[in-house]
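The values are calculated or read from the model by the stated rules, or taken from the named source; none is laboratory data. Source: prediction; values computed, not measured. Neighbour counts are summed over all protein chains in view; Cβ atoms, including those assigned to glycine, are modelled from backbone coordinates with ideal geometry. Ligands, DNA and RNA are excluded from the accessible area calculation, which covers all protein heavy atoms including side chains. Shrake-Rupley method; radii C 1.70, N 1.55, O 1.52, S 1.80 Å.
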Amino acid sequence: MLTSTPPSATAAPAPTAPLVRFQRPLLPPLEEVGRYFRVAEERRWYANGGPCAQLLAERIGERLGGVVAVPVANCTIGLMVALAATVGPRTGARDLVVTPSYTFAAAASAISWLGYTPLYVDVDAGTWQLDPRRFAEAGAAFGDRIAGIVGTSTFGCAAPAAHVAAWRAWARDLGVPLVVDSAAGFGAADELGAPLGGQGDVEVFSFHATKPFATGEGGVVTTRSPELADRVTRLVNFGFDAERVVTEPLGLNGKMSELQAAVCLAALDGYDEALLARRTRAAAIVERLAPLGLLTQVGHERGTWQAVAVLAPSRRERDGIVARAAAQGVELRAYFDRPLHRHPAYAGAPRGGRLDATDALADRCLSLPMAVDLTADEIDRIVRAVAG
Ligand code: T4K
């Protein structure tokens, strides 16, 4: 049984063991980065699609099943240019872009930067992904105002193929683009074994230090359309085309530098090993916690395990676990205990139906630490902190 009583200040032993941080990213050694960066140095070419960024784009495109890849400065800028390339700047009566509320602020921020307002659609309680069963109600109320759809690969986990097919079908019916935010999902696959990267018109990944493919800052935009890839390439380079004429009014500087691309290339060399290390450790934690009956995300075994996401029985018990763990030197988080519709900046946006699953997840979500080198002792401490 879970105990939910928060530890009192007097009862809690002072933590003596080092803190188990929520994340503890491990970047590739500088010598390995240097092997790639040397090429840029030899050419004295440090940005603007130099040799490292080009090689990275090729390797990612191949790895993700033949998509076209455009390295970018980070995933948030990637989402902004993905929406600019597909939905485009707001012009007419279509002022809303669909997004789940149960996601990170970057989606709402990118939607808002383009002059649109988020339209929240609920996720489903099992997969925690944008729920196609909510589309009819949202479409009936707002269909003629919807300009685009942002799906997410929640916590780096692929939505079931049937969900993604329904996202695409709704986008097609509405005549609008589908962008997929797969921030933590680089390396994940769906239940058919297909790597993420080609799910929407455009898909976006984060290479932030706290993501499984941890490289500091960075990201990549992927698409099956060479035309869209070309637009994204122009958008992250001030809107310049090959003749250096600005063709995109929303152009900005969102390019990835050569040094960052070299870090990504070195990280890519060790990524399968890193993913295996995460999956092995996550499986051990999930197995040890199984007797407690905590719910996990459907499909998580093919995810990338940015963290180990579980559901506590209630908000009170979740908050108790977080407090108890902190007192034991284990840093837990609760993503996304504040979904978009509870952030003051985005609270006024419309809802395409009730957000019951989102609210339930927000109350109960618990994110447990993960690192490629999490030790057996640390796993013990995490499990003990949760079990009480
Ligand atoms: N879409 C989704 C669904 C996302 O989750 C995100 C980002 C994005 C889009 C946008 O991606 P980017 O534009 O960032 O590429 C983190 C990240 O900053 C953010 O990238 C991420 N989602 C979000 C969910 O989490 P914080 O505020 O939780 O990070 P922080 O500083 O509290 O660190 C978390 C843990 O990691 C702590 O234990 C400290 C540790 N840490 C952190 C860093 C940066 C390290 O040990 N080393 C480090 O270098 O935001």
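Within segment 358-388, can you find the residues that are aliphatic (A, V, I, L, M) and open to solvent by 20 Å² or more (accessible area, probe 1.4 Å)? Passing the criteria: 360, 372, 376, 387. In the set 42, 32, 62, only one residue is closer than 30 Å to residue 261 by Cα, surrounded by fewer than 24 Cβ atoms within 10 Å (Cβ to Cβ) and either among the small types (Gly, Ala, Ser) or touching a helix residue (DSSP H, G or I) at 6+ places or on another chain (Cβ under 7 Å) (or both); that residue is 32.
Can you confirm whether residue 324 is of a type outside the set (Val, Ile, Thr), away from the ligand (no atom under 14 Å from the Cβ), in a helix (DSSP H, G or I) and within 21 Å of the chain's Cα centre (by Cα)? It is false that residue 324 is of a type outside the set (Val, Ile, Thr), away from the ligand (no atom under 14 Å from the Cβ), in a helix (DSSP H, G or I) and within 21 Å of the chain's Cα centre (by Cα). Pull out all pairs, ordered by first then second residue, where Cβ-Cβ is under 6 Å, the residues are six or more apart or on different chains, the first lies in segment 15-42 and is closer than 20 Å to residue 370 by Cα, and the second is in a helix (DSSP H, G or I) and open to solvent by less than 60 Å² (accessible area, probe 1.4 Å). Close Cβ pairs satisfying both conditions: 20/378; 20/381; 28/266; 28/267. Filtered by the rule that a residue be in contact with a Lys or Arg (Cβ under 7 Å, 6 or more places away or on another chain), within 14 Å of the ligand (Cβ to nearest atom) and more than 16 Å from residue 279 (Cα to Cα), segment 176-222 gives a lone residue, 183. When segment 170-180 is filtered for residues that are part of a helix (DSSP H, G or I) and either open to solvent by less than 30 Å² (accessible area, probe 1.4 Å) or acidic (Asp, Glu) (or both), the ones remaining, listed by number, are 170, 171, 173.
Quick grid of which residues meet (1) surrounded by 24 or more Cβ atoms within 10 Å (Cβ to Cβ); (2) more than 16 Å from the ligand (Cβ to nearest atom); (3) within 18 Å of residue 335 (Cα to Cα):
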| site | (1), (2), (3) |
| --- | --- |
| 70 | yes, no, no |
| 89 | no, yes, no |
| 99 | yes, no, yes |
| 106 | no, no, yes |
| 111 | yes, no, no |
| 119 | yes, yes, no |
| 125 | no, yes, yes |
| 132 | no, yes, no |
| 142 | no, yes, no |
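Answer yes or no as to whether residue 145 is closer than 26 Å to residue 254 by Cα and without any contact (Cβ under 8 Å) to a residue 60 or more places away in the chain. Taking the combined requirement at face value, the residue does not satisfy it.
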